[in-house]
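Please read the structure below before turning to the comments.
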Amino acid sequence: APSANGVDRGALAALLAAEQARYGDSRPLSSARAARNSKGGFSGGVPMHWMRDWPQPFPMVIEMAERNRLRDIDGNDIVDFCLGDTGAMFGHSPVPVMQAIRGQETRGLTFMLPSADADRVGALLQERFGLPCWQMAVTASDANRFAIRAARTATGRKRILVFDGCYHGTAEDTLVDLVDGKTIARRSLLGQVQDPSLTTVMIPFNDRAALASELAKKDIACVIAEPVMTNCGMILPEDGFWDYLRTETRKVGTLLLLDETHTISTGPGGYGRAHGLEPDLFVVGKPVAGGVPAAVWGMSQAVNDKLFAARPETEHGHSGIGTTLAGNALQLACMRATLEELMTPENYARMLAGAGQLDTGIKALIAQHRLPWHTARVGARLEIVFTPEPVKNAAEARAAQDAMLESTLHVALLNRGFLLTPFHNMMLVGPDTTQADIAAFLAAFGEVLNLLPLETA
Ligand code: PMP
């Protein structure tokens, strides 16, 4: 049957099955392990349940990862464009971070007090991202959770606003869906009792009218957003959207919380810094300590002062902000190494040049095969989207999704030695990704497109 994105369904299913079989044939050890472990130890045989959600029939076990390369226990070498879904954006086991780990080896990992790196890291955060006051967390989910508490405390308001298709980690307040124009608790949540839709409203991205009508109620503590949406395909802001949002939020005392966990792919200060977005609160996690679990959240002086002015009464009680291992010495040492030696203009220049080369090559192949697809890019991060034109909100992005086509591309590319980020067609170019890696990927991508049962030719 014909389809919107130019690929015949029945033939596609056969191709996916053939590629999955080839994946299994080249991985006898991972396959045997999956069969053996599916019942014992870890639930479903994996330390995190989502490790089974990749399009491959079973997870490959990774023996080692270095720079932008993975090797599985069956000896398959893979060029990694997933990079731990950004956790390893600056490479696997980057040398400066490994040195920081070794340097900390005899000085302790966690002691509930600042280490000697703390002042330098605080100064670097301030200088790099522009906000004056910072705190740490272990995950980006937690950093978002704490930043939302800060926004609510500073404004005395309960409601927050998010965009349809967002993902800010497991921060409960952000886990809603937009269904027929109504915000409801995200349908896939497990064990959720409180209804986040009572205090969270969700609107479509780029929708100025919906934004204006919610802001007019003057009861929204903060808008929490990625400056470019990256978790539902990739959705770019329309020209002027962020200026409009910033002007209108300021008018009604609503704060702006930018989650730059993925859009840090733009440059050393993130997308907001590069485009002058002026957030009141800022979050970045994942790669900020080179793959060691750490995240940071920053605040304006005004938010900081209101937050801590509210604190004395509860000084020795639980604030709901902070966890025991947050701000520990290992995190600080690794974050310092990452900020000083990995998140450098030189590394970003290399990453952006590589992403440009990748983007140009993919666009040429899409044109050559006359596919109704396009690429969307934010710095070193690139997404292949199955529509001819950019999408402007999550409804359009969802309409463009095609699970079978996506799975086929992923597994076929993996069989040729290239790993994409699961759940969408996202690729990251790290500082170690070479021109030769990109050229080899483009050759493999061309080969896979030749195998696709296209209806367009
Ligand atoms: N923010 C964004 C934009 C994310 O994409 C993610 C995870 N994909 C998170 C926050 C949460 O990160 P973590 O799972 O490390 O807490």
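May I ask you to order 174-181, 286-293, 429-436, 159-166 by the average number of other C-beta atoms within 10 Å around their residues, highest value first?
286-293, 159-166, 429-436, 174-181
From the Cα gyration tensor of region 95-342, with a ≥ b ≥ c the square roots of its eigenvalues, which class applies: rounded if a/c is under 1.5, or else prolate if a/b is larger than b/c, or else oblate?
Prolate, since a/c reaches 1.5 and a/b exceeds b/c.
Using the per-residue mean of other Cβ atoms lying within 10 Å as a proxy for protection, in what order, highest first, do the peptides 213-225, 251-263 fall?
Packing proxy ranking, top to bottom: 251-263, 213-225.
Tilt of helix 95-104 relative to the longest C-alpha principal axis of the chain, in degrees (0 to 90, nearest 10)?
Orientation of helix 95-104: about 50 degrees from the principal axis.
Apply the Karplus parameterisation 6.51 cos²θ - 1.76 cosθ + 1.60, with θ equal to phi minus 60°, to every residue of region 186-195 and state each ³J(HN,Hα) to the nearest whole Hz, in sequence, with x for glycine and proline.
4, 5, 8, 5, 9, x, 7, 9, 6, 8
In whole angstrom, note down how far apart the Cα centers of region 369-386 and region 161-175 are.
The two parts, judged by their Cα centres, are 24 Å apart.
Compute, for region 95-342, the length of the dipole vector about the Cα centre, with Cβ point charges of +1 (Lys, Arg) and -1 (Asp, Glu) only. Units Debye, rounded to 20.
380
Once the Cα atoms of helix 241-251 and of the chain are each reduced to a long axis, what angle between those two axes, in degrees from 0 to 90 to the nearest 10, is obtained?
Here the helix axis deviates by roughly 20 degrees.
Spelling out what I want: for every residue of region 286-295, take phi, set θ = phi - 60°, compute 6.51 cos²θ - 1.76 cosθ + 1.60 (Karplus), and round to whole Hz; glycine and proline get x.
The phi angles translate into 6, x, 5, 10, x, x, 7, x, 6, 8 Hz.
Could you calculate the contour length gain from A439 to D195, that is, 0.36 nm times the residue separation minus the distance between their Cα atoms, to one decimal place in nm?
83.0 nm
Would you please classify the overall shape of region 137-213 from the alpha carbon gyration tensor, given that a ≥ b ≥ c denote the square roots of the eigenvalues, rounded means a/c under 1.5, and beyond that prolate means a/b larger than b/c while oblate covers the rest?
Because a/c hits 1.5 or more and a/b fails to exceed b/c, region 137-213 counts as oblate.
Put one equal scatterer on each alpha carbon of region 180-282, apply the Debye formula with no solvent term, and list log10 I(q)/I(0) at q = 0.17 1/Å to two decimals.
-0.87
Stretched out fully, how many nm does the piece from R9 to I73 gain, at 0.36 nm a residue minus the Cα gap?
That works out to 19.7 nm of additional length.
If one takes the longest principal axis of the Cα atoms in the chain, at what angle in degrees, from 0 to 90 and to the nearest 10, does the Cα axis of helix 435-451 lie?
Between helix and principal axis, roughly 60 degrees.
Please list, ordered by chain and number, the residues whose modelled amide H lies under 5 Å from the amide H of E63; skip anything fewer than 5 residues away on the same chain.
R71, D72, I73
Excluding R120 itself, calculate the net charge of residues whose Cβ lies under 13 Å from the Cβ of R120, where each Lys or Arg counts +1 and each Asp or Glu counts -1.
Local net charge: -3.
Read the figures in this text as sums done on the coordinates, not as results from a lab. It should be emphasised that the depicted structure is a prediction, and the values quoted were computed from it without experimental measurement. All Cβ positions, even for glycine, are placed from backbone atoms using ideal geometry, and neighbour counts span all protein chains on display.
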